[in-house]
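Quick notes on the structure that follows.
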Amino acid sequence: MKQDIHPKNYRMVVFKDMSNGTTFLSRSTAHSSETIVWEEDGKEYPVIKLEISNTSHPFYTGKNVLVDTAGRIDKFKKRYEKKAK
């Protein structure tokens with residue numbers, strides 16, 4: 001295996017799911033200029049905003065909710081409606 005290929009500057013970061021407001025604390029090397037106070041220990045951590053996480057993704061929640069931020073589903077349906085006719 002190659003030596004020294006993994007970053008060594010991991011730090012604690014709060015990830016926030018913007019679709020439902022759920023937050024969780026984990027280690028990451030991702031950069032963020034925003035911070036948030038973690039309610040469990042009162043310390044301030046950098047915050048990384050997520051569009052979707054396991055708490056809001058239909059596969060994990062079991063709910064059949066379509067997550068479509070760019071209109072991809074509509075484009076797909078239109079493309080295959082034309083071919084079916």
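So if I place +1 on the C-beta of Lys and Arg and -1 on the C-beta of Asp and Glu, and nothing else carries charge, what would the dipole magnitude of the stretch 1-63 be about its Cα centre? I want it in debye, nearest 20. Mind showing how you got there, number by number?
Details: 8 positive and 8 negative charges, 56 e Å.
Dipole of the stretch 1-63, to the nearest 20 debye: 260 debye.
Tell me the net charge near MET12. Cut-off is 11 Å between Cβ atoms, MET12 excluded, with +1 for each Lys or Arg and -1 for each Asp or Glu. Don't skip to the answer; put the middle values down first.
Numbers: positive: ARG11, ARG27, LYS43; negative: ASP41, GLU44.
After counting each charged neighbour, the total is +1.
Which of the aspartates and glutamates could a cross-linker span from LYS43 if the Cα-Cα distance has to be under 16 Å and same-chain partners fewer than 8 positions apart are dropped?
Reachable aspartates and glutamates: GLU34.
Within 13 Å, Cβ to Cβ, of ALA30, how many net charges do the neighbouring residues add up to if Lys/Arg are +1 and Asp/Glu are -1? Each step should come with its number before you reach the end.
Numbers: positive: ARG11, LYS16, ARG27, LYS49; negative: GLU34.
Counting the neighbours of ALA30, the net charge comes to +3.
Using a Förster distance of 30 angstrom, determine the FRET efficiency expected from the C-beta separation of GLN3 and VAL37, and round it to 0.05. Walk me through the numbers on the way to the answer.
Numbers: r = 38 Å, r/R0 = 1.27.
In this case the efficiency is close to 0.20.
Since every read-out is calculated from the coordinates, none of them should be taken as a lab result. Fair warning: this is a prediction, and the values are worked out from it, not measured in the lab. Ideal geometry is used to build each Cβ from the backbone, glycine not excepted, and the neighbour counts take in all protein chains shown.
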